[in-house]
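What follows is a set of notes on a single structure, which appears directly below.
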Amino acid sequence: MVTLKDKQFKPYISSDKILEAVKEVAKKINSDLAGESPVFLAVLNGSFMFAADLMKEINLPCEISFVKLASYHGTTSSGTITELIGLNQDLTGRTVIIIEDIVDTGNTVEKLAEILNNKKLKSFKIATAFFKPTAYTKNIKVDYVGMEIPNDFVVGYGLDYDGLGRNLKDVFVLA
Ligand code: IMP
């Protein structure tokens with residue numbers, strides 16, 4: 001058991017199993033994108049651990065940037081504006097692979113797809129360590145999934161509860 005603040009979490013997925021799944025994802029990317037030189041965009045904070053393990057298994061000539069989605073209220077409009085920060089390269093004509101820690105409702109990947117849609121990419125793919133298919137509400141294809149999990153709250157391997165637990169190498173579920 002692991003205690004993070006006021007909650008207890010029990011062991012759920014071992015680091016060995018996660019790494020096996022990450023290697024499978026890398027294998028698929030290496031074969032699907034053979035001959036290409038993709039740009040990986042790792043979405044912080046949660047994806048740092050998956051991004052590191054995944055990149056070690058990628059054998060394509062590739063680049064990686066670390067980005068963050070930031071939401072703010074515009075001064076003239078009442079709506080919330082979402083922007084991608086940390087992206088300082090031109091993606092025109094590039095194959096882009098988003099690296100996510102977990103896809104839950106899909107709101108985050110939908111926003112990323114909207115933002116990247118305007119950038120004249122060659123193609124756009126999504127890789128996630130974990131995917132909750134029963135929580136997913138969008139139509140965007142999640143191309144590469146490490147592991148599908150039920151709609152439970154998990155921590156570890158980059159995922160947090162209130163900022164805590166990202167350092168755990170195994171994944172734990174709310175007890
Ligand atoms: P979505 O936009 O609903 O798909 O949620 C994606 C984001 O919510 C992830 O990048 C995580 O930061 C967070 N999230 C979703 N499910 C979990 C979970 O089980 N544990 C920790 N964070 C989660």
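The values are calculated or read from the model by the stated rules, or taken from the named source; none is laboratory data. Because the structure is a prediction, the values reported are computed rather than measured. Because the Cβ atoms are built from the backbone with ideal geometry, glycine has one as well, and the counts that use them run over all protein chains shown. Only protein heavy atoms, including side chains, enter the accessible area calculation; ligands, DNA and RNA are left aside. Shrake-Rupley method; radii C 1.70, N 1.55, O 1.52, S 1.80 Å.
Within the listed set ALA129, ALA42, ALA26, the Gaussian network model of the chain (springs between alpha-carbon atoms below 10 Å) gives the highest mean-square fluctuation for ALA26. Comparing LEU87, LEU121, LEU4 along the charge dipole axis of the chain, the residue lying farthest to the positive side is LEU121, per the Cβ-charge model. Using the 1.4 Å probe convention, the accessible area of the stretch 1-45 works out to 55 Å² per residue with neighbouring protein chains retained. For the stretch 63-132, trypsin sites (Lys or Arg not before Pro) are listed when DSSP marks them as loop and at most 15 other Cβ atoms sit within 10 Å of their Cβ; the list is LYS119, LYS120, LYS122. Among SER31, SER123, SER71, the residue with the largest mean-square fluctuation in a Gaussian network model of the chain, with springs joining Cα atoms closer than 10 Å, is SER71. Estimated from helical segments only, the mean residue ellipticity of the chain at 222 nm is -7000 deg cm²/dmol, where each DSSP H run of four or more residues counts as -39500 (n - 2.57). For the stretch 123-175, averaging the sequence separation of C-alpha pairs within contact (under 8 Å, six or more residues apart) and dividing by the residue count gives a relative contact order of 28 percent.
With an 8 Å Cα cut-off and a minimum separation of 6 or more residues, compute the relative contact order for the stretch 34-175 in percent. RCO, the stretch 34-175: 21 percent. Checking the Cα-Cα distances for LYS122/LYS169; LYS120/LYS141; LYS68/LYS125; LYS132/LYS169 against a 24 Å cut-off, the pairs over it are LYS122/LYS169. In µm²/s, what is D for the stretch 94-161 at 37 °C and 0.692 mPa s, where D = kT/(6 pi eta Rh) by Stokes-Einstein and Rh is the Kirkwood radius from Cα pairs? Once the numbers are plugged in, D ends up at 262 µm²/s. Relative intensity of the chain on a log10 scale, I(q)/I(0) at q = 0.09 Å⁻¹, equals -0.32, per a Debye sum over C-alpha point scatterers of equal strength in the absence of solvent.
Compute the orientation-averaged projected area for the stretch 1-103 from the convex hull of its Cα atoms and round it to one decimal in nm².
Over all viewing directions, the stretch 1-103 projects a mean Cα-hull area of 9.8 nm².
Protein heavy-atom surface of the stretch 1-159, 1.4 angstrom probe: 49% of the accessible area is carbon and sulfur, with nucleic acids and ligands not counted. A full extension of the chain between ALA113 and LEU164 corresponds to an added length of 15.5 nm, given 0.36 nm per residue minus the alpha carbon distance.
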